[in-house]
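*Asks:* I am attaching a structure below and will ask some questions about it afterwards.
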Amino acid sequence: MAWRNLWRHKKMTSINVAGLGIGMAAAVLIAMWVQNELSFDRFQPDADNIYRIKTKINISRNENWEWVTAQYILGDFATRQIPEIDGLARVRTYYGDLNLHDGAKVITETQAAYVDEGWFKMFHYDFVKGSPESFVKNPFSLILTESAAKKYFGNQDPVGRLLRIDTNNFQVQAVVKDYPANSSFRYNVLIPIASQLADPREMQQAMRWSSHNFVTFLKLKRGSNTAAVSAKLTDILNKHKDKGEDPESYSLIKLADMHFENDVQNARFIQGNRTIVNVFIVLASLLLATACINYVNLTTARASLRSKEVSVRKIVGAGRLELFRQFMVESFLVSLLALLLALVLVQAALPWFSAFAEKNFANPFTSPAVLCILSGTLLVSFLLNGLYPAVLLSSFNPLNVFRGRSLLKFKDGALRRVLVVTQFTISVILIGGTLVIYRQLQFVQTTDPGYNRTQVFSFRFPFWTIPHFDDRKSDELLRTVKQQLKAQAATSNVSMADAGLVNFGNTNTGGYDWAGRPKDFNIPIAPLSVDPDFKDLMEIKMKQGRWFNSEISDRHNVILNETAVALMGLREPIIGQRFFHQRDTGVIIGVVKDFHYASLRDKIGPMIITNSPGVGYYIKSRPGNTAAAIATAGKIWKAYLPDLPFTYDFLDDSYNDLYKSEHQSSLLITLFSVIAIFISALGLLGLAAFAAERKVKEIGIRKVLGASVQNIVGLLSVDFVKMVIIASIIAFPIAWWAMNKWLQDFAYRISLSWWIFAGAAGIALVIALITVSFQVIKAAVANPVNSLRSE
């Protein structure tokens, strides 16, 4: 009977299944992403007892630094002196690109790390070939992931193969499965720390209490007090560190909590955003609720058409429980059909979604977690869809129906109006949020950073890979390369610097002094080393003084930015004042206008610029000659480093990468806003069709009495317009509050204007009118004779 009823009303069934299926598919995709974020590293055995040491450094009266790294030597003392520790593991990320030499072939790996002998005892890996024992025994070993082994050696057996790193040969000892999407450890190549410490200089550095180069994990015995362990770690440090250094202390963070850690200066692992996770949890719930509202609306709207059916069933003996079961079965069938449609949509969208989110999501038909999400979605939609309509339809009094009394407790379908208003409130909030995010990202793209990054690309010259080069020869080499680059017809200017300008993450405290500095006043300063050509290439603007002059010895002199001058409290005249920096003394020769050397989320900090070029090259190409400039730079690279691949970055790309997560969130919210609007429009389409069906005779009579098509359209549309306007009024303060909270993450941001939310309301209203007009105009132009000649 349920099948027959659904099949008889194909149009309404199709609207319900389509709206619910699309909503469920969107909710499932979001739930997969949320589940992945919330489950980071929880699959590790005994994850609840694994902690990472976190270092807090008091750099000044008003500022502390939080680091994920600690001293290597700390681990040796901790395991001997703290009984609560049941295991220890260290990891050190390989900086830059790792070049692996397989004979004449050079393989560049961006995800590599050094790990110690305790790593595989603490963290779980699925070994496909080899074992961790052989890796630990030989310091010059490698472990590869399956994807890395496939990339390096194809279908050949990688175990036993030799790869050269610098001047040392490393042997592949094992292959492990690729990490799941919810793992913080995304290393394709693992190297023993022992190979690094075989170098006496590295060993000497590792034994220093001032060297924070290793991430240290502790496995504690069950029931251990983490605060007590942290205090013991700090006591060990205080007994051994040199006096006069910045005060430090330790704390412990649980492995499962690392993913949402956002207060560290030197992050080493993939960082999540708890706010975004919460936003998408709400978004998934709203999308599913919007889809379920359609079913409830259309089912209750058709209550009067089914009232006589229910009354006849009751008269011939059907009980309320049987009727309730009947309507719940119909709800389950609709939900099941919607789930099947959702599975098809999820399967089709998953490759794109995985690539976009940069996560390897499991197949929805094989993953237990995804199957739980699908089952939960089916159950929630079934209950939301079924309970109220089933209770309502099974509660009709047959006598009231035949006497023509109102069936609903809410007069004139007030409940349906509330649900439609709820739907469009959600839609207007999502549209408004999308517009705000788009405007903020446009603001980020168009804000003048204080320098010109167009047609500029950069690369770093790894001169240390060339054997037998001392510092003097290295400097000569770097300057020779610069002159060769500058002589090319495709380049307009070339400069050298020690770090990337777009996302400058390095800051120092201490080692600076100036006239009038309080003894305990240490502020974090970003040190940038450049050559005299840097200003003209990047078009940096001077506020006072001058830039470095290649004709004058400015090796010891410095340039400050406006923020540094303000925070240091320098007295006029600034130019010519003595400035001590990093064991060198010079004078301040200029002040540059502030420019953004980090994300617009952060305020511009103090910066000191010195005339000491590094190994990074910035090349500005002539208009229309970018490809030629890259090609010539590649040829010069190959002339000196024939075995290493030439890699470079455009400053525009690096700048856009700063806001990658915002771009992803923007696109997803836009996509899901469109889906929410589409689902709401489907519901309006069904309600408009039902309204036209119920008023078909009224429309016919009005037309016979002289009503125009415009009169009929206005009569049928006015209620829907009112509901969208009410929804917009409700949505305005909610959307303003939510987007104001989101904008707080940016130090530099747009102001929220009323017209953004008015525009969101206008978009929702236009979509609603277009949707309703299909059915309304169809009813208005119909021949009234056809509706009036039969009862």
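The values are calculated or read from the model by the stated rules, or taken from the named source; none is laboratory data. The shown structure was predicted, so the numbers you read here are calculated from the model rather than taken from an experiment. Cβ placement follows ideal geometry from the backbone for every residue including glycine, while neighbour counts extend to all protein chains displayed. In case anyone asks, the SASA skips ligands and DNA or RNA and just uses the protein heavy atoms, side chains included. Shrake-Rupley method; radii C 1.70, N 1.55, O 1.52, S 1.80 Å.
*Asks:* Can you confirm whether residue 64 is of a type outside the set (A, V, I, L, M, F, W, C) and open to solvent by less than 40 Å² (accessible area, probe 1.4 Å)? Outline the logic, then answer.
*Replies:* Working: of a type outside the set (A, V, I, L, M, F, W, C): yes; open to solvent by less than 40 Å² (accessible area, probe 1.4 Å): no.
No, not satisfied.
*Asks:* Taking the stretch 725-753 on its own, how many of its residues are open to solvent by 80 Å² or more (accessible area, probe 1.4 Å) and under 11 Å from residue 436 (Cα atoms)?
*Replies:* Qualifying residue count, the stretch 725-753: 3.
*Asks:* Got a number for residues in the stretch 151-164 being outside any loop (DSSP other than H, G, I, E, B) and either surrounded by fewer than 20 Cβ atoms within 10 Å (Cβ to Cβ) or among the aromatic types (Phe, Trp, Tyr) (or both)? Break it down into steps so the answer makes sense when it comes.
*Replies:* So in the stretch 151-164, the residues outside any loop (DSSP other than H, G, I, E, B) come out as 151-153, 162-164.
Filter once more, keeping what is either surrounded by fewer than 20 Cβ atoms within 10 Å (Cβ to Cβ) or among the aromatic types (Phe, Trp, Tyr) (or both): 151-153, 162, 164.
Adding up the residues that qualify gives 5.
Conditions tested, residue by residue: (1) among the acidic types (Asp, Glu); (2) part of a helix (DSSP H, G or I); (3) modelled with pLDDT of 80 or more.
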{"position": "684", "(1), (2), (3)": "no, yes, no"}
{"position": "698", "(1), (2), (3)": "yes, yes, no"}
{"position": "714", "(1), (2), (3)": "no, yes, no"}
{"position": "724", "(1), (2), (3)": "no, yes, yes"}
{"position": "731", "(1), (2), (3)": "no, yes, yes"}
{"position": "742", "(1), (2), (3)": "no, yes, yes"}
{"position": "751", "(1), (2), (3)": "no, no, yes"}
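*Asks:* If residue 570 passes every condition in (1) of a type in the set (A, V, I, L, M); (2) within 29 Å of residue 456 (Cα to Cα); (3) in contact (Cβ under 8 Å) with a residue 12 or more places away in the chain but one, which one does it miss?
*Replies:* Result: residue 570 fails condition (2) only.
*Asks:* For the stretch 522-543, does any single residue satisfy the condition of being touching a Phe, Trp or Tyr at 6+ places or on another chain (Cβ under 7 Å), open to solvent by 30 Å² or more (accessible area, probe 1.4 Å) and assigned to a strand (DSSP E or B)?
*Replies:* Checking the stretch 522-543: not a single residue is touching a Phe, Trp or Tyr at 6+ places or on another chain (Cβ under 7 Å), open to solvent by 30 Å² or more (accessible area, probe 1.4 Å) and assigned to a strand (DSSP E or B).
*Asks:* Same structure again: Please work out if residue 565 is open to solvent by less than 20 Å² (accessible area, probe 1.4 Å) and out of contact with any Lys or Arg (no Cβ under 6 Å at 6 or more places or on another chain).
*Replies:* Working: open to solvent by less than 20 Å² (accessible area, probe 1.4 Å): no; out of contact with any Lys or Arg (no Cβ under 6 Å at 6 or more places or on another chain): yes.
Considered against the rule, which asks whether it is open to solvent by less than 20 Å² (accessible area, probe 1.4 Å) and out of contact with any Lys or Arg (no Cβ under 6 Å at 6 or more places or on another chain), residue 565 comes out as no.
*Asks:* With the condition kept exactly as written, say whether any residue in the stretch 630-652 is open to solvent by less than 10 Å² (accessible area, probe 1.4 Å), modelled with pLDDT of 85 or more, assigned to a strand (DSSP E or B) and among the hydrophobic types (A, V, I, L, M, F, W, C).
*Replies:* no
*Asks:* Just to be sure I understand, how many residues within the stretch 541-575 are among the hydrophobic types (A, V, I, L, M, F, W, C) and more than 12 Å from residue 609 (Cα to Cα)?
*Replies:* Start the filter on the stretch 541-575 by keeping residues that are among the hydrophobic types (A, V, I, L, M, F, W, C), which leaves 542, 547-548, 552, 558-560, 564-568, 570, 574-575.
Okay, now just the ones that are also more than 12 Å from residue 609 (Cα to Cα), so 542, 552, 565-568, 570, 574-575.
Residues in the stretch 541-575 being among the hydrophobic types (A, V, I, L, M, F, W, C) and more than 12 Å from residue 609 (Cα to Cα): 9 in total.
*Asks:* Would you mind finding the one in 194, 148, 181 that is touching a residue at least 40 places away in the same chain (Cβ under 8 Å) and part of a loop (DSSP other than H, G, I, E, B)?
*Replies:* Numbers: 194 fails: part of a loop (DSSP other than H, G, I, E, B); 148 fails: part of a loop (DSSP other than H, G, I, E, B).
Just one listed residue meets the conditions, 181.
*Asks:* Out of all the residues in the stretch 204-257, which are part of a helix (DSSP H, G or I) and in contact (Cβ under 8 Å) with a residue 60 or more places away in the chain?
*Replies:* We begin by selecting, within the stretch 204-257, every residue part of a helix (DSSP H, G or I); these are 204-206, 226-240, 255-257.
Listed by number, the residues that qualify are 206, 226, 228, 229, 232, 233, 236, 237, 240, 255, 256.
*Asks:* Also: Identify all residues within the stretch 544-554 that are within 28 Å of residue 621 (Cα to Cα) and surrounded by fewer than 13 Cβ atoms within 10 Å (Cβ to Cβ); write none if there are none. Break it down into steps so the answer makes sense when it comes.
*Replies:* Of the residues in the stretch 544-554, the ones within 28 Å of residue 621 (Cα to Cα) are 546-552, 554.
Within the stretch 544-554, 549, 550, 551, 552 meet the criteria.
*Asks:* Can you pull out the residues in the stretch 493-516 that are at pLDDT below 80 and under 22 Å from residue 64 (Cα atoms)?
*Replies:* Scanning the stretch 493-516 gives 503, 504, 505, 506, 507, 508, 509, 510, 511.
*Asks:* Within the stretch 85-101, work out how many residues are basic (Lys, Arg) and open to solvent by less than 30 Å² (accessible area, probe 1.4 Å). Give the steps one after another, and end with the answer.
*Replies:* In the first step, residues of the stretch 85-101 are kept if they are basic (Lys, Arg); the result is 90, 92.
Going one step further and asking which of them are open to solvent by less than 30 Å² (accessible area, probe 1.4 Å), we end up with 90.
Qualifying residue count for the region: 1.
*Asks:* Scan the stretch 580-595 and give yes if some residue there is assigned to a loop (DSSP other than H, G, I, E, B), closer than 30 Å to residue 262 by Cβ and open to solvent by less than 10 Å² (accessible area, probe 1.4 Å), otherwise no.
*Replies:* yes
*Asks:* Another question, then. Condition check: open to solvent by less than 20 Å² (accessible area, probe 1.4 Å), within 33 Å of the chain's Cα centre (by Cα), of a type in the set (Ser, Thr, Tyr) and at pLDDT below 90. Does residue 655 satisfy that?
*Replies:* Values: open to solvent by less than 20 Å² (accessible area, probe 1.4 Å): yes; within 33 Å of the chain's Cα centre (by Cα): yes; of a type in the set (Ser, Thr, Tyr): yes; at pLDDT below 90: yes.
Yes, satisfied.
*Asks:* Quick check on the stretch 429-484: of everything there that is part of a loop (DSSP other than H, G, I, E, B) and at pLDDT below 80, which residue is farthest from residue 651 (Cα to Cα)? Give the derivation first.
*Replies:* Initially, the stretch 429-484 is screened for residues part of a loop (DSSP other than H, G, I, E, B), giving 447-455, 461-462, 466-470.
Now narrow it down to the ones that are at pLDDT below 80: 461-462, 466-470.
On the way: 461: 17, 462: 19, 466: 27, 467: 31, 468: 33, 469: 30, 470: 31 Å.
By that ranking, first place goes to 468.
*Asks:* Only one residue in 682, 667, 671 is touching a helix residue (DSSP H, G or I) at 6+ places or on another chain (Cβ under 7 Å) and open to solvent by 20 Å² or more (accessible area, probe 1.4 Å). Which one? Lay out the reasoning, then the answer.
*Replies:* Working: 667 fails: touching a helix residue (DSSP H, G or I) at 6+ places or on another chain (Cβ under 7 Å); 671 fails: touching a helix residue (DSSP H, G or I) at 6+ places or on another chain (Cβ under 7 Å).
It is 682.
*Asks:* Starting from the stretch 446-469, take each residue that is of a type in the set (Phe, Trp, Tyr) and list its partners that are surrounded by 19 or more Cβ atoms within 10 Å (Cβ to Cβ) and modelled with pLDDT of 75 or more, counting only C-beta distances under 6 angstrom and pairs at least six apart or across chains.
*Replies:* These pairs meet every condition: 451/538; 451/540; 457/619; 459/617.
*Asks:* Does the stretch 634-643 contain any residue that is touching a strand residue (DSSP E or B) at 6+ places or on another chain (Cβ under 8 Å) and over 30 Å from residue 353 (Cβ atoms)?
*Replies:* Yes, because at least one residue in the stretch 634-643 is touching a strand residue (DSSP E or B) at 6+ places or on another chain (Cβ under 8 Å) and over 30 Å from residue 353 (Cβ atoms).
*Asks:* Are any residues in the stretch 7-65 over 17 Å from residue 270 (Cβ atoms), aromatic (Phe, Trp, Tyr) and outside any helix (DSSP H, G or I), and if so, which ones?
*Replies:* Correct list: 51, 65.
*Asks:* Tell me, which helices (runs of 4 or more DSSP H) wholly within the stretch 268-357 include 1 or more residues that are touching a Lys or Arg at 6+ places or on another chain (Cβ under 6 Å)?
*Replies:* Details: elements: 274-301, 303-315, 320-357.
The helices (runs of 4 or more DSSP H) meeting that bar are 274-301.
*Asks:* Filter the stretch 102-144 for residues that are open to solvent by 60 Å² or more (accessible area, probe 1.4 Å) and aromatic (Phe, Trp, Tyr); which is farthest from the chain's Cα centre (by Cα)?
*Replies:* Going residue by residue through the stretch 102-144, those that are open to solvent by 60 Å² or more (accessible area, probe 1.4 Å) are 103-105, 110-111, 117, 121, 124, 126-129, 133, 136-137, 140.
When the remaining residues are screened for being aromatic (Phe, Trp, Tyr), the result is 127, 140.
Details: 127: 30, 140: 36 Å.
Per the stated criteria, the residue is 140.
*Asks:* Kindly list the number of the only condition in (1) more than 30 Å from residue 635 (Cβ to Cβ); (2) touching a helix residue (DSSP H, G or I) at 6+ places or on another chain (Cβ under 8 Å); (3) modelled with pLDDT of 90 or more that fails for residue 544.
*Replies:* The single condition residue 544 does not satisfy is (2).
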